[in-house]
Amino acid sequence: RSVYDDQPNAHQRFMEKLDACIRNHDREIEKMCNFHHQGFVDAITELLKVRADAEKLKVQVTDTNRRLQDAGKEVIAQTEEIIRCRVQQRNITTVVEKLQLCLPVLEMYSKLKEQMNVKRYYSALKTMEQLENLYLPRVSQYRFCQIMIENLPKLREEIKEISMSDLKDFLESIRKHSDRIGETAMKQAQQQKTFSTALQKQNNVNYGRNVHLGRSRILESKNEITLKRTFEEDDEHEEEILTAQDLVDFSPVYRCLHIYSVLGDGEIFENYYRKQRRKQARLVLQPQSSMHETVEGYRRYFSQIVGFFVVEDHILHVTQGLVTRTYTDELWNMALSKIIAVLRTHSSYCSDPDLVLELKNLIVVFADTLQGYGFPVNRLFDLLFEIRDQYNETLLKKWSGLFRDIFEADNYSPIPVANEEEYKIVTSKFPFQDPELDKQSFPKKLPMSQSVPQIYIQVKEFIYASLKFSESLHRSSTEIDDMLRKSTNLLLTRTLSSCLQNLIKKPHIGLTELVQIIINTTHLEQACKYLEDFISNITNISQVTVHTARLYGLSTFKDARHAAEGEIYTKLNQKIDEFIQIADYDWTMSESNGRASGYLMDLINFLRSTFQVFTHLPGKVAQTACMSACQHLSTSLMQMLLDSELKQISMGAIQQFNLDVIQCELFASSEPVPGFQGDTLQLAFIDLRQVRHYLLSDCFPFRIVFLTPLCPLLFYSSRMRDSSKKNNIFAQFRKNDRDKQKLIETVVKQLRSLVNGMSQHT
């Protein structure tokens, strides 16, 4: 614009300059062309060369274009197809949009069906609630939704029926598995108690370490071993012990409770459950008729009850309101009354102490188990004290048989010991001490028979057996000590005493056996203090305690010994009577045989040999037996003269009788039993001596004397009266019974008058 507007002739000048610039550029182009000419020539040459290729290319392009046109027809067809597909796609999109509204409903309904199939009824109810409140209202215009709405109430009823059926199956299942559940719970309680006991012993050892350091180390080591074994046993059985949840599937009751709660029928379900469980409780508490025969019957009974209440306790803690503590306490009190009544009845049939002990152990485990679950069990421990008395009775019956067997098997002869080893074996069983016997060389004999150490061992075994029942009763050592002493006293004063009394009175027990029984009771009496020490060592209760009872063995063995002594006197007299019965006096014989009668010599020899056996008896017993035998012999001989059938006596018979009396006096003077003072034993025959002197005196000058029974009685009575004035042996008798002495004098006067009257008549 400046070229056209500013100056005149500017356009011309501009064109000139432009031409000059063009020429300059042409020169430069020419230079450049000259520079690139060879290249241009080469390029033209190349173009000429590719000309043929270009023609070929043109042909190919033409062919390609033709084929592309042909292919375009298919594209047009495909395009039309695409248009049709897009219409379908639009329709599909519409359908998808509608299905997206229905799909959650269908998914929820499918989920509902699946939950019904896998028995997830509580979740199914929740799904129904979501369907009704959230999903079905969105698509309620569809017919399938109406069908679903109509089916939901039916499904609820079906769920209700199925859950109730499952509950019934659950109740049947726990009824069947109650014994296993109870057995498992009792095992766990027993293991826990064992662990606690071992731990308590360990603590006691640690507590006493400062007081008795040396002794405590030993006990600590032992208790550590016991505790370690307990831990190992617990580890071994830990995997085997199952809980109630492992044995029974509680899901049906949870499920049914939730279902009924959701449906608003929770109270109906609770009432039904409690009613059914009460019925099952009555069935569980009903024992079998043969339960008392085996321990398995009691174990099954207790296991079922424990299983029942373990289930109830589990239901109490994992559910809210299905069962309450008040309900379980009421159920337990009802069950406890029934259990105590059943145990009282069936335990009374038990005659085996081992079975009673097993029953006690089961009751203790039963009580400890239920106490661990919070149930009061004091009444069960009170019942155990009643069963304890029965247990003691069965023990007494059992030990009565043992004592009888020991007495039957005893040979009633001193125990021979050939060497020190045998002596130690005997003394290890029975606390025998005799310094004089220890000084003797082997072989030697111990004074007691084999039954003594056996009886002593059995008494200790009885104490152990009685102690077994006292264990685990949660009683103090003082009470256990008192129970042991009372039961041992019953054994000694009733069972052993009765066995001894029956043994003494048996016909086959002779004088030798009776002597040995007296010796045996003496040693058993001396061993009573060792039994008291034995009980004290078991219970750790000192005998100096004020409330400690004493054993009555001293009086028991004294009574048995007195009975044996009385039986010795009786059997001696019976033996004397047997010899007297074979006496065959010829009361009309003209002359005597010149020696004592044969029966009397045999009798005296028997008495000598018998009194030799009495050397081991206490001196007073042997002396009393000897005096009793001599007095009975004197009385028996006197009875011959007092026989009512005796009508006449010849002088020869009197002389023969005199020889027999002399032989009796010689026997008495020979001191068959040492310890008599002076002529004390001979005084037993003083009446016979006086009668003999009277018959041989001048008062009877005739060779044949006719007598009535009153005459010998007169002689005997008058001589007894006269001798009582001189004889010291009857001094105490004369002082204590003067009235009887006066009566004897009166009778003598009357007899004398009768005899005088009869003599005048003759």
Considering residues that are in contact (Cβ under 8 Å) with a residue 40 or more places away in the chain and either part of a helix (DSSP H, G or I) or within 60 Å of the chain's Cα centre (by Cα) (or both), the number found within region 631-647 is 9
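Select, from ASP722, ASP687, the only residue that is modelled with pLDDT under 50 and either acidic (Asp, Glu) or on the phi > 0 side of the Ramachandran plot (or both).
Details: ASP687 fails: modelled with pLDDT under 50.
On inspection, the qualifying residue turns out to be ASP722.
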Against the conditions (1) open to solvent by less than 30 Å² (accessible area, probe 1.4 Å); (2) modelled with pLDDT under 80; (3) not assigned by the TED database to the domain that holds ASP533, where does LEU607 fall short? Just the number, please. (2)
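Take the residues of region 430-442 that are farther than 17 Å from ASN411 by Cβ and touching a residue at least 24 places away in the same chain (Cβ under 8 Å): which is least open to solvent (accessible area, probe 1.4 Å)? Explain how you work it out, then say what you get.
Kept after step one, since they are farther than 17 Å from ASN411 by Cβ, are these residues of region 430-442: 431-442.
This time we only want the ones that are touching a residue at least 24 places away in the same chain (Cβ under 8 Å), so: 431-432, 442.
On the way: PRO431: 35, PHE432: 16, PHE442: 68 Å².
Checking each candidate, the answer is PHE432.
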Helices (runs of 4 or more DSSP H) wholly in region 306-416 with at least 1 residues that are closer than 30 Å to PRO453 by Cβ - which ones? 353-372, 378-409
Any residue that is without any contact (Cβ under 8 Å) to a residue 24 or more places away in the chain, open to solvent by less than 40 Å² (accessible area, probe 1.4 Å) and either in the same structural domain as GLU471 (by the TED database) or in contact with a strand residue (DSSP E or B) (Cβ under 9 Å, 6 or more places away or on another chain) (or both) - is there at least one of those in region 395-416? yes
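When residues of region 556-585 are filtered for being in a loop (DSSP other than H, G, I, E, B), out of contact with any Ser or Thr (no Cβ under 8 Å at 6 or more places or on another chain) and modelled with pLDDT of 80 or more, how many remain? Walk me through it before giving the result.
Here is the first cut: in region 556-585, the ones in a loop (DSSP other than H, G, I, E, B) are 582-585.
Those left that are additionally out of contact with any Ser or Thr (no Cβ under 8 Å at 6 or more places or on another chain): 582, 584.
So of that shortlist, the ones also modelled with pLDDT of 80 or more come out as 582.
Residues that pass the stated criteria total 1.
Which of the following residues is open to solvent by 60 Å² or more (accessible area, probe 1.4 Å), modelled with pLDDT of 75 or more, of a type in the set (A, V, I, L, M) and part of a helix (DSSP H, G or I): LEU659, LEU666? Show your work before the answer.
Details: LEU659 fails: open to solvent by 60 Å² or more (accessible area, probe 1.4 Å).
LEU666 is the lone residue from the list that is open to solvent by 60 Å² or more (accessible area, probe 1.4 Å), modelled with pLDDT of 75 or more, of a type in the set (A, V, I, L, M) and part of a helix (DSSP H, G or I).
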Going through LEU384, LEU362 one at a time, which residue ends up being within 20 Å of the chain's Cα centre (by Cα), open to solvent by less than 20 Å² (accessible area, probe 1.4 Å) and outside the structural domain of VAL311 (by the TED database)? LEU384
Can you tell me which condition MET638 does not meet? The list is (1) out of contact with any Gly (no Cβ under 9 Å at 6 or more places or on another chain); (2) open to solvent by 40 Å² or more (accessible area, probe 1.4 Å); (3) not hydroxyl-bearing (Ser, Thr, Tyr), and all the others hold. (2)
Those residues that are in contact with a Phe, Trp or Tyr (Cβ under 7 Å, 6 or more places away or on another chain) and over 18 Å from LEU357 (Cα atoms), I need them from region 367-385; list them, please. LEU370, TYR373, PHE375
Determine if region 133-140 includes at least one residue that is modelled with pLDDT of 75 or more, part of a loop (DSSP other than H, G, I, E, B) and either in contact with a Leu (Cβ under 9 Å, 6 or more places away or on another chain) or not hydrophobic (A, V, I, L, M, F, W, C) (or both). yes
Looking at (1) open to solvent by 70 Å² or more (accessible area, probe 1.4 Å); (2) part of a helix (DSSP H, G or I), which one does SER289 not meet, given that it meets all the others? (2)
Residues of region 85-102 satisfying the condition of being open to solvent by less than 90 Å² (accessible area, probe 1.4 Å), of a type outside the set (S, T, N, Q) and over 16 Å from ASN133 (Cα atoms): CYS85, VAL87, VAL95, VAL96
Output the residues belonging to region 292-330 that are over 26 Å from the mean Cα position of the chain (by Cα) and open to solvent by 50 Å² or more (accessible area, probe 1.4 Å). HIS317, VAL318, GLN320, THR324, ARG325, THR326, ASP329, GLU330
Under the condition of being aliphatic (A, V, I, L, M) and surrounded by 11 or more Cβ atoms within 10 Å (Cβ to Cβ), which residue from region 19-31 is farthest from the chain's Cα centre (by Cα)? ILE22
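The values are calculated or read from the model by the stated rules, or taken from the named source; none is laboratory data. Just so you know, these numbers come straight off a predicted model, no measurement behind them. As a convention, Cβ positions derive from the backbone with ideal geometry for all residues, glycine included, and neighbour counts pool all protein chains shown. Please note that ligands, DNA and RNA were not included when accessible areas were found on the heavy atoms of the full protein model with its side chains. Shrake-Rupley method; radii C 1.70, N 1.55, O 1.52, S 1.80 Å.
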